[in-house]
Every structure is written in structure tokens, then in C-alpha cells.
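The values are calculated or read from the model by the stated rules, or taken from the named source; none is laboratory data. Keep in mind it's a predicted model, so treat the numbers as computed, not measured. For neighbour counting, all protein chains shown are included, and Cβ atoms are generated from backbone atoms with ideal geometry for every residue, glycine included.
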Amino acid sequence: MKSRILFVCIHNSARSQMAEAFVNSHCGDRFEALSAGIEPGKLNPVVVEAMKEKGIDISGNKTKSVAEMLASGLDFQYVVTVCDETSAERCPFFPGKTKRLHWGFPDPSAFQGTPEEKLARTRAVRDEIEQKILEWCKTSCK
């Protein structure tokens with residue numbers, strides 16, 4: 001039986017979507033990953049592009065709310081917030097009996113500059129998230 005992991009951030013438009021996709025890609029035999037936000041927005045097109053470069057298509061993903069996840073009645077063995085503490089983002093709290101973790105990453109929606117600069121910075125965050133997921137899989141997917 002797969003354990004469920006929920007990635008939570010503010011808008012569910014970038015970081016939590018990438019983390020969900022990487023877990024399902026790298027560790028999907030052991031975990032079912034989902035993601036949600038406290039104020040769901042629109043999927044970040046720069047993130048979609050960056051993930052396509054890794055061979056993962058998230059273009060059809062929908063943003064979801066934490067309230068939807070609570071209402072679903074699903075049990076999550078892990079809830080991981082991926083908000084950026086240095087930007088003073090308000091990381092949401094997910095109630096219930098679960099193991100809570102925090103992995104802070106910069107928010108691609110806050111990046112300034114040319115489209116190329118935004119994509120370059122998004123790639124860096126994408127790669128940080130993937131590396132964290134690979135470490136997670138190595139230790140948790142035994």
C-alpha cells in the first residue's frame with residue numbers, strides 16, 4: 001500500500017506542483033503525491049516549461065485547495081510545506097494526524113527579470129526540489 005504525501009504552499013502553482021510530480025515520477029511505486037494551496041491560483045507557465053525540460057508534463061494539472069484536500073477525507077502520512085520562509089510567506093497548516101515537514105524553496109512567481117532570467121531561476125528551484133525528492137526517495141522508499 002502506498003503512503004500519501006501532500007505538498008502544500010500558497011497558490012499550488014509552482015513548488016508544490018513540481019514536488020508532487022517529482023515524487024510520482026521518482027518514487028511513485030511507494031508514494032502517492034498530491035499538492036494543494038491555501039489560495040489556489042493558476043499553474044505557472046514557466047514552471048510547466050521547466051518541468052517539460054525534465055520530461056514531465058504538468059500542463060494538464062489543476063491547482064487545488066487545502067480545503068479540497070481536507071474535504072476529500074484522504075489520510076496523508078506526510079504533509080510537506082514548501083513555502084519560502086525568507087519571503088515571510090504564510091505557510092499553511094494542515095490539521096490531522098500526520099508527520100509534518102518543511103522544505104523551503106523560493107517562489108518562482110516572485111521572480112523578476114526577462115523571461116529567460118525567470119526561466120533560469122525557475123530551473124534552479126526545480127533542480128533543488130528534484131534533489132530534495134531524490135534524497136527523500138533514497139531514505140524513505142526502501
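For the range 96-130, a tally of residues being exposed (fewer than 13 other Cβ atoms within 10 Å of the Cβ), within 26 Å of M69 (Cα to Cα) and not basic (K, R) returns 3.
Just to be sure, is G55 at pLDDT 95 or above, small (G, A, S), over 13 Å from the mean Cα position of the chain (by Cα) and under 20 Å from N24 (Cα atoms)? Even if it seems obvious, please write down each step before you answer.
On the way: at pLDDT 95 or above: yes; small (G, A, S): yes; over 13 Å from the mean Cα position of the chain (by Cα): yes; under 20 Å from N24 (Cα atoms): yes.
So G55 passes the test.
Surrounded by fewer than 15 Cβ atoms within 10 Å (Cβ to Cβ), at pLDDT 95 or above and over 9 Å from the mean Cα position of the chain (by Cα): does that describe S25? For S25, the condition - surrounded by fewer than 15 Cβ atoms within 10 Å (Cβ to Cβ), at pLDDT 95 or above and over 9 Å from the mean Cα position of the chain (by Cα) - is not met.
On the given criteria, is S35 farther than 14 Å from S109 by Cα, in contact with an Asp or Glu (Cβ under 8 Å, 6 or more places away or on another chain), crowded, with 18+ Cβ neighbours inside 10 Å and not hydrophobic (A, V, I, L, M, F, W, C)?
Yes, satisfied.
Remark: pairs (first residue in the range 12-30, on the phi < 0 side of the Ramachandran plot and among the aromatic types (F, W, Y); second residue in a loop (DSSP other than H, G, I, E, B) and at pLDDT 95 or above; Cβ separation under 8 Å; 6+ apart in sequence or on different chains) = F22/I56. Those helices (runs of 4 or more DSSP H) of the range 1-93 in which at least 2 residues are of a type outside the set (A, V, I, L, M, F, W, C) and under 20 Å from Q131 (Cβ atoms), considering only elements entirely within it, cover 15-26, 45-52.
Considering the range 115-142, the residues that are free of Cβ contacts under 8 Å to residues at least 24 places away in the same chain and of a type in the set (S, T, N, Q) include one that is nearest to W103 (Cα to Cα), namely Q131.
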